[in-house]
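Enquirer: This is the structure, below, for whatever I ask next.
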Amino acid sequence: MATLGSVIEELLAETRASRVTLRRHRDHGPAFPVVEEALAPGVGSLRDERSVDLARQPVVHELLQGRQVVQDDAAGAYDDPAFQRMLAAYGGLAAQIVTPVEVAGRLEAIVSVHQLGAARSWTRGEIDAAARAAERVRELL
């Protein structure tokens, strides 16, 4: 039987990325804290990272519009200073796939695939894998 954690672990294995996180909406406390995480060897966790206000991040604004965000070179994606600080705070985030999980028209969770250190060209298969993982998360919520 699939669990939220197993979905995230499988996505990490399929993409061979640095980190995959699952964030869940919370009505109180920090916006979208990390509730599940899979890490490549030597990669730092984001579970206790609280310096980034996700509600102010441009990626979240796109997710709220129902769009999956694919960035091969995250450093060039937005000039926004808060976004640039987030890249550093997340361990040198260089490329990402960020996929919304909507339930009844509301953003309930976020599946993020992170590549640290260097830009990366995501394949169609990796992008689709993230979308499938988000759908599996939606079914499990």
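Here, each number is a calculation from the coordinates, and none is a lab measurement. Small disclaimer: the values here were computed from a predicted structure and weren't measured. Cβ: placed from backbone, ideal geometry, glycine included. Neighbour counts: every protein chain shown.
Enquirer: In whole angstrom, note down how far apart the Cα centers of region 24-91 and region 109-141 are.
Expert: Measuring centre to centre over Cα atoms gives 13 Å.
Enquirer: Go from 0 up to the bin containing the longest alpha carbon distance in the chain, width 5 Å each, and give me the % of pairs per bin.
Expert: Reading upward from the zero bin: 2, 10, 22, 26, 23, 13, 4, 0, 0.
Enquirer: Right, next: Kindly write out, for region 47-54 in residue order, the coupling ³J(HN,Hα) from the Karplus curve 6.51 cos²θ - 1.76 cosθ + 1.60 (θ = phi - 60°), rounded to whole Hz, with x marking Gly and Pro.
Expert: 4, 9, 6, 10, 7, 9, 8, 4
Enquirer: Something else now. When you count, for each residue, the other Cβ atoms within 10 Å and take the mean per peptide, how do 126-135, 94-103, 44-53, 1-10 rank with the highest first?
Expert: Values: 126-135: 18.7, 94-103: 21.6, 44-53: 13.3, 1-10: 14.9.
Output ranking for 126-135, 94-103, 44-53, 1-10: 94-103, 126-135, 1-10, 44-53.
Enquirer: Also, I was wondering about something else. For the chain, what is the calculated [θ] at 222 nm in deg cm²/dmol (nearest 500), taking -39500 (n - 2.57) for each run of four or more DSSP H residues and dividing by its residue count?
Expert: Numbers: 4 runs with 44 residues, N = 141.
After summing the helix terms and dividing by the residues of the chain, the value is -9500 deg cm²/dmol.
Enquirer: For region 65-138, build the convex hull from the C-alpha positions and give me its volume per residue in Å³. Spell out each step's value before the answer.
Expert: Numbers: hull volume 6.7 nm³, N = 74.
Spelled out: Cα convex hull of region 65-138, divided by residues, is 91 Å³.
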